[in-house]
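What follows is a set of notes on a single structure, which appears directly below.
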Amino acid sequence: MKVLAVIPARWGSSRFPGKPLAPILGKPMAQWVVEAALAAKLIDKVIVGTDDERIGRAAYRAGATVWFSKQEFKSGTDRCAAVARTEESDIVVNIQGDEPLIDPADLDSLVGFMSGPESAGYDIASLFYRGRPDQASDPNVVKLAIDPDELRDRLGLRHEAIWFSRAPVEPISKTLVHVGVYAFRRDFLLRAVMLRPTLSEKLERLEQLRWLGRGAKMMMLMAKGPTAAVDVPEDVVRVEAVLLAQNRPQTVPMAHFPENR
């Protein structure tokens, strides 16, 4: 089974232009994401899909293959699908370029599930973590809703996705936060970007509701720990503090990276 990781990273952002190159502890944010993807044991190839040569150069130096296009895409998923059409693969992992805290072990967990027999009938796997009560009211934090009576995984480490919302989801004390990383079956990903948006997607501004609304099944796996996307410049300081607390390496020797083909 061949596994492709795609990191969509565009220059334009209304809240944070040039975000993929924002320095985090001395290296571009995109490099943190590339390094995590390369460190995952079950990913065969890492491609950064971008519209900007500056991002492309940084991704190449970090060890990723670069797919470049000036075409306008509606979302990172659409860019990911465009890259996937050019590569042979069975599973495509869409890793958002603004997730510098993503853990390689969590990427392997997604791939491990999607490549195993228990994934039969599932089109997508994604991640969640148990958030803080104060995150429940933050519209920038996407919350996961599950069936409270679903007991297939009694430890609570795995749940089928029922709904996603920017509004609080009861119980507030057990808020589940969605991490925007997806492992798709390649054939479903290519179909997903052709699906018509649903009313729920338009209301919540969450494309995963389109997939669920059109009949897809998504399994949610608990991440090893909380993560955080970088949405605005102020988020960089918070992410740096987490990385320092985790004692994550700030540099990786280039000799450890595979050559781009």
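The values are calculated or read from the model by the stated rules, or taken from the named source; none is laboratory data. All of these numbers come straight from a predicted model, not from anything done at the bench. FYI the Cβ positions are ideal-geometry reconstructions off the backbone, even for glycines, and counts take in every protein chain you see.
Answer yes or no as to whether ALA64 is in contact (Cβ under 8 Å) with a residue 60 or more places away in the chain, crowded, with 23+ Cβ neighbours inside 10 Å, in contact with a helix residue (DSSP H, G or I) (Cβ under 8 Å, 6 or more places away or on another chain) and more than 18 Å from ASP106 (Cα to Cα).
yes
Can you tell me which residues in segment 176-230 are aliphatic (A, V, I, L, M), part of a strand (DSSP E or B) and touching a residue at least 60 places away in the same chain (Cβ under 8 Å)?
Listed by number, the residues that qualify are VAL179, VAL181, ALA183, MET218, MET219, MET220, LEU221, MET222.
Taking the conditions exactly as written (of a type in the set (Lys, Arg) and closer than 22 Å to VAL232 by Cα), does ARG61 satisfy them or not? Write out each step before concluding.
Details: of a type in the set (Lys, Arg): yes; closer than 22 Å to VAL232 by Cα: no.
The answer is no for ARG61.
One line per residue, one yes/no per condition, for (1) surrounded by fewer than 20 Cβ atoms within 10 Å (Cβ to Cβ); (2) under 28 Å from ASP187 (Cβ atoms); (3) at pLDDT below 95; (4) among the acidic types (Asp, Glu):
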{"site": "LEU110", "(1), (2), (3), (4)": "no, yes, no, no"}
{"site": "ILE124", "(1), (2), (3), (4)": "no, yes, no, no"}
{"site": "GLU150", "(1), (2), (3), (4)": "yes, yes, yes, yes"}
{"site": "LEU155", "(1), (2), (3), (4)": "yes, no, yes, no"}
{"site": "PHE164", "(1), (2), (3), (4)": "no, yes, no, no"}
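Can you tell me which residues in segment 231-248 are in a helix (DSSP H, G or I) and surrounded by 14 or more Cβ atoms within 10 Å (Cβ to Cβ)? Talk me through it step by step, then tell me what you get.
Narrowing segment 231-248 to residues in a helix (DSSP H, G or I): 234-246.
Passing the criteria: ASP235, VAL236, VAL239, GLU240, VAL242, LEU243.
Quick check: anything in segment 47-65 among the small types (Gly, Ala, Ser), on the phi < 0 side of the Ramachandran plot and part of a strand (DSSP E or B)?
Checked against the condition, which is being among the small types (Gly, Ala, Ser), on the phi < 0 side of the Ramachandran plot and part of a strand (DSSP E or B), segment 47-65 yields at least one hit.
Can you spot a residue in segment 69-78 that is of a type in the set (D, E, K, R), farther than 30 Å from GLY213 by Cβ and surrounded by fewer than 22 Cβ atoms within 10 Å (Cβ to Cβ)?
Checking segment 69-78: at least one residue is of a type in the set (D, E, K, R), farther than 30 Å from GLY213 by Cβ and surrounded by fewer than 22 Cβ atoms within 10 Å (Cβ to Cβ).
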